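Enquirer: Just dropping this structure here.
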Amino acid sequence: MKKCAIGLLNFLLISACASNDSLIKTPNQDQDLGYFADATKCSAAAMRHETILLPSPTLAGSIDIPMGYDADKFQSCMTYAGRPVDRGDSRLYFQVSEDCLSAARKAEHADLEYADCIKRSPLNVEVIDKE
């Protein structure tokens, strides 16, 4: 009887350790999933482009030239994605986000690294709970 109880206890411990760390998952990990991807997409969407038509008779077409970023568009995109945003200066928010994106690109867990970087920043991010 003791061997059966010890075997059952070992099985429970091993299965708990082998599961996808659900016992040690913090509540913020779920809400940080996709944070890096959303910031990357919004950063790309905030890029302003200028299209220049080529007047050459041999090359008909146009060239798309990046002209900078629209910080307000980035902030609106992040709000639409349901991410916490800074309600202050949108240019500062965009710059901090770009710095955090470049730091998180090299990280193993980019979502968590990006979220931690934003939380450590001097921004006053407004966290909106879904409940």
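Every read-out reported here was derived from the displayed coordinates using simple, explicitly stated rules and does not represent laboratory data. Just so it is clear, the model here is predicted, and its values are computed rather than measured. Every residue, glycine as well, gets a Cβ built from its backbone with ideal geometry; the counts of neighbours run over all protein chains shown.
Enquirer: In the range 33-53, which residues have a backbone nitrogen under 17 Å from the label point lying 7 Å from residue 62's Cα in the Cα-to-Cβ direction?
Expert: 47-53
Enquirer: In the range 77-115, which GluC sites (Glu not before Pro) fall in coil by DSSP and have 12 or fewer other Cβ atoms within 10 Å?
Expert: On the way: sites: 98, 108, 113; in loops: 108.
When the GluC sites (Glu not before Pro) of the range 77-115 are filtered for loop state and at most 12 Cβ neighbours within 10 Å, 108 remain.
Enquirer: Residue by residue through the range 36-45, which ³J(HN,Hα) values in whole Hz follow from phi under the Karplus form 6.51 cos²θ - 1.76 cosθ + 1.60 (θ = phi - 60°), with glycine and proline marked x?
Expert: Working through the residues one at a time gives 5, 5, 5, 5, 5, 5, 5, 5, 5, 5 Hz.
Enquirer: Suppose R0 equals 25 Å; then what is the FRET efficiency for residue 92 and residue 48 from their Cβ-Cβ distance, rounded to the nearest 0.05? Working shown, then result.
Expert: Working: r = 18 Å, r/R0 = 0.74.
Working from the Cβ atoms, E equals 0.85.
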